[in-house]
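What follows is a single structure, written as structure tokens, with notes after it.
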Amino acid sequence: MLINCGIIGTTVNKTTLYWLPLIGLLLLGGCAARPPAVDAGTVCVAKTFTVTDAFEGARRGRCAAIGAANVRIDIRAEDDWVTNDSPWFAFKLTPSQPGVATVTMRYYGAAHRYWPKTSNDGITWTRLAEDRVGVSRNGKRAKLSVPLGDQPVWVAAQELITTPIYDAWTRRAASDSNIDSFLLGHSRKGRPIAGLDSNAAARDVLLIVGRQHPPEVSGAVAFFPFAETLFADSELARQFRSRFRIIAVPILNPDGVIAGHWRHNLGETDLNRDWGPFAQPETQAMQTLLDDLDASGAKIRMFADFHSTKRNLLYTQSAEFPTDPPGFTPTWLSNTEKRLGNYSFTNEAAPVSDQANSKNYMFKRYGIPAVTFEVGDETDRAATRAAAVVFAEELMKLLLSQDY
Ligand SMILES: [Zn+2]
């Protein structure tokens with residue numbers, strides 16, 4: 001029987017171990033030593049591949065090579081204040097020879113949540129096959145078997161939708177649709193936060209926001225087609241834009257996305273608990289936008305904020321907190337549901353609480369329908385995109401039918 005001593009590529013048999021005390025301190029010291037380990041940001045080298053995390057969205061903690069084709073990686077949140085169970089991971093495996101890389105992830109402060117995805121180009125992603133992922137009973141470990149050819153393979157909790165993709169999308173949306181892009185503000189690290197704004201002369205405003213929470217990629221998968229439908233060259237969208245101003249902020253937490261955070265911005269803050277305090281530059285930028293809109297006489301009529309959770313749902317206000325107009329959201333969701341095929345969702349209508357999230361803040365400040373649009377982590381992406389188009393179309397129709 002072979003026992004792994006925890007030294008790269010080193011195994012000894014039981015007989016050797018039995019005679020260890022006689023063999024001497026060198027081998028004993030080797031077996032007793034902690035395995036070589038490296039911190040995030042440092043290349044981690046096994047015999048057949050290396051692990052790196054020098055790219056946007058990467059997150060990897062200490063990494064130890066524990067065999068020729070076997071590494072163990074610690075997955076930790078960005079700071080000690082993260083309480084949300086969203087253990088994001090993203091790293092790159094570069095093979096020195098073809099084979100299979102075994103990666104054991106140890107989660108600290110959370111349990112396994114995201115099904116691993118792989119990519120050879122960082123753009124097209126595939127879910128790792130069922131038989132290539134083993135999760136421990138308590139969810140604290142996940143063991144991945146990743147096939148390696150001769151090219152690097154990205155491994156991530158979700159597809160990497162990072163700032164270059166947002167930048168390109170915003171530029172294209174602005175040029176295709178003749179819609180203005182604008183600088184909403186800057187992140188804590190000074191990165192620009194962009195928005196799109198159509199028909200600034202209109203009084204009535206639809207405001208949509210995305211990516212306050214870095215790992216919530218499935219929400220982004222919905223945000224893009226939702227916004228594209230609003231900005232489309234369709235008769236409905238043209239009619240809508242002639243009456244309504246649309247302001248879209250696709251990514252409010254670019255620092256967190258770039259750093260591969262589980263939850264926070266670089267100020268150790270959950271931005272979606274900071275609508276009210278507005279203690280962070282990202283949320284302060286939203287506050288300034290709202291103040292400016294109010295000062296200009298604009299009327300925000302509806303607000304949606306895109307997120308991800310374990311299943312498809314929309315958080316809304318319960319009936320004892322009537323919106324203006326009353327019953328708007330249930331009608332919207334009912335009209336949408338009738339047209340959806342393979343996309344189911346629930347409506348979690350709840351009393352308005354003191355939690356300083358965007359939905360509660362927007363309802364309290366304006367009395368408008370305000371929703372948190374949540375897409376399941378592993379919901380089929382094509383179904384998500386198709387559903388987002390229907391949600392957007394039905395929203396436009398219903399807003400157009402209002403007598404504001
Ligand atoms: Zn969220």
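Coordinate-derived values only; no laboratory data. In this text, all values refer to a predicted model and were calculated from it rather than measured experimentally. Every residue, glycine as well, gets a Cβ built from its backbone with ideal geometry; the counts of neighbours run over all protein chains shown.
Note on Lys364: lysines with a C-alpha under 24 Å away, same-chain residues under 8 apart excluded, are Lys299.
For segment 344-376, chymotrypsin sites (Phe, Trp or Tyr not before Pro) meeting the loop criterion (DSSP other than H, G, I, E, B) and having at most 14 other Cβ atoms within 10 Å: none. Descending by average beta-carbon neighbour count within 10 Å, the peptides 186-198, 299-311, 315-327, 205-217 line up as 205-217, 299-311, 186-198, 315-327, the highest first. Each 10 Å bin from zero up to the one holding the largest Cα-Cα distance in segment 348-393 carries the following percent of pairs: 22, 39, 31, 8.
Entry note, the chain: the mean residue ellipticity at 222 nm calculated from DSSP H runs of n ≥ 4, each adding -39500 (n - 2.57), is -8500 deg cm²/dmol after division by the residues and rounding to the nearest 500.
Its Cα gyration tensor gives segment 84-142 an equivalent ellipsoid, and the semi-axes of that ellipsoid, as √(5λ) in whole Å with the largest first, are 22, 14, 11.
On the beta carbon distance between Val352 and Glu378, with R0 = 25 Å, the FRET formula returns roughly 0.25. The slack between Ala54 and Arg385, meaning 0.36 nm per residue of separation minus the straight C-alpha distance, is 116.2 nm.
May I ask for the angle, rounded to the nearest 10°, between helix 163-177 and the longest principal axis of the chain, with both axes built from Cα atoms and the value confined to 0 to 90°? It is inclined by approximately 30 degrees.
Cross-linked pairs Lys117/Lys397; Lys117/Lys310; Lys92/Lys359: Cα-Cα separations exceed 27 Å for Lys117/Lys397; Lys92/Lys359. Summary value for the chain: 14 percent relative contact order, contacts being C-alpha pairs under 8 angstrom separated by 6+ residues. When the chymotrypsin sites (Phe, Trp or Tyr not before Pro) in segment 217-249 are filtered for DSSP coil states and for at most 11 other beta-carbon atoms within 10 Å of their beta-carbon, no site remains. The DSSP beta bridges internal to the chain are antiparallel in roughly 60% of cases. For chymotrypsin sites (Phe, Trp or Tyr not before Pro), the sites in segment 63-125 that DSSP calls loop and that have at most 16 other Cβ atoms within 10 Å are Trp81, Tyr108. Modelled this way, with points 7 Å down the Cα-to-C-beta line, the labels at Thr126 and Ser344 are 3.0 nm from one another. Extending 7 Å from Cα along the Cβ direction at Lys143 and again at Arg238 yields two label points whose distance is 6.1 nm. Each listed q (0.12 Å⁻¹) maps to a log10 I(q)/I(0) for segment 34-156 from the Debye sum over equal C-alpha point scatterers, namely -0.39. Pair-distance distribution of the chain: all C-alpha pairs, bin width 20 Å, starting at 0; shares per bin in whole percent are 26, 50, 19, 5, 0. Would you give the gap between the C-alpha center of segment 192-260 and the C-alpha center of segment 334-404, rounded to a whole Å? One Cα centre to the other: 14 Å. Bridging of Lys47 to aspartates and glutamates at a Cα separation below 20 Å is possible for Asp39, Asp74, Asp150, once same-chain residues fewer than 8 apart are set aside. Taking a point 7 Å from the Cα of Arg311 along the Cα-to-Cβ direction, the residues of segment 367-404 with backbone N closer than 15 Å to it are 374-380.
Evaluating 6.51 cos²θ - 1.76 cosθ + 1.60 at θ = phi - 60° for every residue in segment 302-309, the Karplus couplings come out as 7, 9, 9, 10, 9, 9, 10, 8 Hz, glycine and proline recorded as x.
Of all aspartates and glutamates in the structure, those lying under 15 Å Cα to Cα from Lys189, and not within fewer than 8 positions of it along the same chain, are Glu56, Asp255, Glu268, Glu282. Charged side chains reduced to their Cβ positions (Lys and Arg at +1, Asp and Glu at -1) give the chain a dipole of some 1280 debye around its Cα centre. Here the calculated FRET efficiency for Ser136 and Glu268, from their Cβ-Cβ distance with R0 = 41 Å, stands at 0.90, rounded to the nearest 0.05.
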